[in-house]
Amino acid sequence: MSDGGERLGIFGGTFDPPHVGHLVTAVNVRHEMRLDRVLLVVNHQPWQKLGTREISDAEDRYAMVAAAVEGVEGLEASRIEIDRGGLSYTADTLRTLLDEDPTRELFVILGSDAAVGLPTWERADEVREMATIVVVERPGTREATPPPGWSWIQVEVPRLEVSSTDLRARVVDGRPLDYLLTPEVIETIRQRGLYGAQVTA
Ligand code: NAP
């Protein structure tokens, strides 16, 4: 841990399912920002996505994230939003993490699409006060401009054109998942019969 308290990254998402793009982002931001740990925080109810599609059960999504990061130094699956229940607001998550340890320095990690929506978040001003925002830029994409009143640190990570939407469709169609998801996540999908997968013993 660094001298001034833990440098803690918070990378939140629906993770339905968590893929190599998420993992490459988490490890590279951890390295570039010299973070002690990055928590992959599994949303309980992503309030801005409700009603847009059916979202997998939070426990299934947590199981996939836990499988994805097991044994990876500095990455951890967090169930903080699942255990709190209800709608998932980042401001509440940051408050809990600071209450646990006020010496922590918090870094909220976001892709550029998610970052432009920051002003629409619940109690966005609290998020801005409690954490440094780190926005991930993928090479070849246009740099996102912070909304008025916001600033952020940009970190470039390798661009992997992987999307959870495509991966769910791949399971339905029986197309390959290899190298897009970790073997442990593929196994979890099969064991739990997620996205219509055949359940395996
Ligand atoms: P998401 O769709 O599950 O995505 C999770 C993160 O992964 C996003 O930052 C996304 O960036 C990134 N990502 C997706 N595909 C990627 C790839 N191929 N390579 C690298 N990164 C990739 O989650 P979300 O709905 O955008 O929400 C992100 C966080 O914001 C969550 O923690 C959520 O709780 C929080 N949020 C909070 C509020 C609130 O507090 N009121 C409101 C909305 C969101 P891109 O979006 O740029 O792809």
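The values are calculated or read from the model by the stated rules, or taken from the named source; none is laboratory data. Quick caveat: nothing in here was measured; it's all calculated off a predicted structure. So basically every Cβ, Gly included, is an ideal-geometry build from the backbone, and we count neighbours across all protein chains shown. Note: areas computed on protein heavy atoms with side chains; ligands, DNA, RNA excluded. Shrake-Rupley method; radii C 1.70, N 1.55, O 1.52, S 1.80 Å.
Things to note:
- Distance from segment 28-58 to segment 81-158 (C-alpha centre basis), Å: 11
- Tilt relative to the chain, helix 58-69 - C-alpha long axis, 0 to 90 degrees, to 10: 80
- Exposed chymotrypsin sites (Phe, Trp or Tyr not before Pro) absent - longest run of the chain, DSSP non-H/G/I/E/B, at most 15 other C-beta within 10 Å: 48-178
- Among the GluC sites (Glu not before Pro) in segment 117-197, those placed in a DSSP loop whose Cβ has at most 15 other Cβ atoms within 10 Å are Glu122, Glu143, Glu161.
- The ratio of the alpha-carbon radius of gyration of segment 131-201 to the globular-protein estimate 2.2 N^0.38 Å is 1.55.
- Amide H contacts under 5 Å for Ile10: Leu39, Phe107, Val108, Ile109, restricted to partners 5 or more places along the chain or on a different chain, H placed in the peptide plane at 1.01 Å from N.
- Test item: Cα-centred dipole of the chain, Lys/Arg +1 and Asp/Glu -1 on Cβ, debye: 520
- Under-5 Å amide H pairs with Leu75, H placed in peptide plane, nonlocal only: Val38
- Degrees, to the nearest 10: 164-173 long Cα axis against longest axis of the chain: 0
- Per the Debye calculation on the chain with a single equal scatterer at every Cα and no solvent contribution, log₁₀ I(q)/I(0) for q = 0.10, 0.17, 0.18 Å⁻¹ amounts to -0.41, -1.22, -1.37.
- Carbon plus sulfur fraction of accessible area for segment 7-196, probe 1.4 Å, in percent: 47
- Folded to 0 to 90 degrees: helix 90-100 orientation relative to the chain principal axis, Cα: 70
- Across the chain, Cα pairs under 8 Å and at least six residues apart give a relative contact order of 25 percent.
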